[in-house]
Amino acid sequence: MKPSPPDIFAAVAEASARQGLPVLVIGGHAVNAYGYLRTTLDADFLVCTDDFAAWRQVFESFGYRWQGQTEAFAKLDPPDTETPALPVDIMLVSRETFLKLTDGQRELEFGPTRLRVPQPLHLIALKLHAMKNDERRRLGKDLPDILQLIRLCGIDPAGVEFRRIVERYANPQTRALLDAALDLN
């Protein structure tokens, strides 16, 4: 009989606390934790590049298998368990960027587990950055996430902070999509 998959959020929280490895939940599960429920088929985490070797060992101890990585991302296949486990994507950033993303972070619930998540504007910045990729933008997951974060978190889309994030992290195509969705034209 195959083993049961780990509760990835509980396992990550425990490993983070035990080994002193900082981590943030990003992606669809982070958006869900803010109250927008949408289907997401993987778990996304953000870690310091300096800590990746330690995090890779942690995930491998859970039965995850390294699939590959680029300079900014690593993918891990889930363990072979009786019930399916979530694949894991890890975004790798410098310590300086990680510290910026922890400014205003929130601790939110992932089932019975609490983990840190970037504040809504920082999560939106990550989504806008992801939308610079043409294929990712065509998939259309990130724009609804941004719109829901704006609604759920009471963000003023005409406000200075939000517009500063958009100007810094969105390309012209993404800005046009966002402005049209927000009816800011």
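The values are calculated or read from the model by the stated rules, or taken from the named source; none is laboratory data. Because the structure is predicted, anything quoted here is derived from the model rather than measured. Neighbour counts are summed over all protein chains in view; Cβ atoms, including those assigned to glycine, are modelled from backbone coordinates with ideal geometry. These accessible areas exclude ligands, DNA and RNA; they are computed on the full protein's heavy atoms, side chains included. Shrake-Rupley method; radii C 1.70, N 1.55, O 1.52, S 1.80 Å.
Please identify every one of the GluC sites (Glu not before Pro) in region 28-105 that sits in a loop by DSSP and has no more than 15 other beta carbons within 10 Å of its own beta carbon. Can you show the working numbers first?
Working: sites: Glu60, Glu71, Glu82, Glu96; in loops: Glu71, Glu82.
The qualifying sites are Glu71, Glu82.
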task: With a 10 Å radius around each residue's Cβ, average the other Cβ atoms per peptide and rank 43-54, 122-133, highest first.
output: 122-133, 43-54
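Set the Förster radius R0 to 25 Å, insert the Cβ-Cβ distance between Gln173 and Thr49 as r into 1/(1 + (r/R0)^6), and round the FRET efficiency to 0.05. Walk me through the numbers before you get to the answer.
Working: r = 28 Å, r/R0 = 1.14.
FRET efficiency, Gln173 to Thr49: 0.30.
Please compute the length gained on full extension between Arg114 and Thr81, using 0.36 nm multiplied by the number of residues separating them and subtracting their Cα-Cα distance.
On the way: separation 33, 0.36 × 33 = 11.88 nm, distance 2.43 nm.
Taking Arg114 through Thr81 to full extension adds about 9.5 nm, to one decimal.
Only bridges whose two residues both fall in the chain count here: according to DSSP, what percent of them are antiparallel, nearest 5?
The antiparallel fraction comes to roughly 75 percent.
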- prompt: When all protein chains stay in place, what accessible area (Å², nearest 10, 1.4 Å probe) is found for Asp7?
  reply: 70 Å²
- prompt: What order do you get for 102-115, 25-38 when each peptide is scored by the mean count of other beta carbon atoms within 10 Å, highest first?
  reply: 25-38, 102-115
message: What is the percent carbon and sulfur in the accessible area of the chain, measuring with a 1.4 Å probe over the protein chains and ignoring ligands?
response: 52 percent
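Subtract the Cα-Cα distance of Arg38 and Gln105 from 0.36 nm times their separation in residues, and report this length gain in nm to one decimal. Numbers along the way, then the final one.
Numbers: separation 67, 0.36 × 67 = 24.12 nm, distance 2.15 nm.
Gain on stretching Arg38 to Gln105: 22.0 nm.
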task: Can you tell me how much longer the chain between Ser94 and Arg151 gets when fully stretched, taken as 0.36 nm per residue apart minus their C-alpha distance, in nm with one decimal?
output: 17.5 nm
message: For the chain, what are Rg and Dmax over the alpha carbons, in angstrom?
response: 16.7, 58
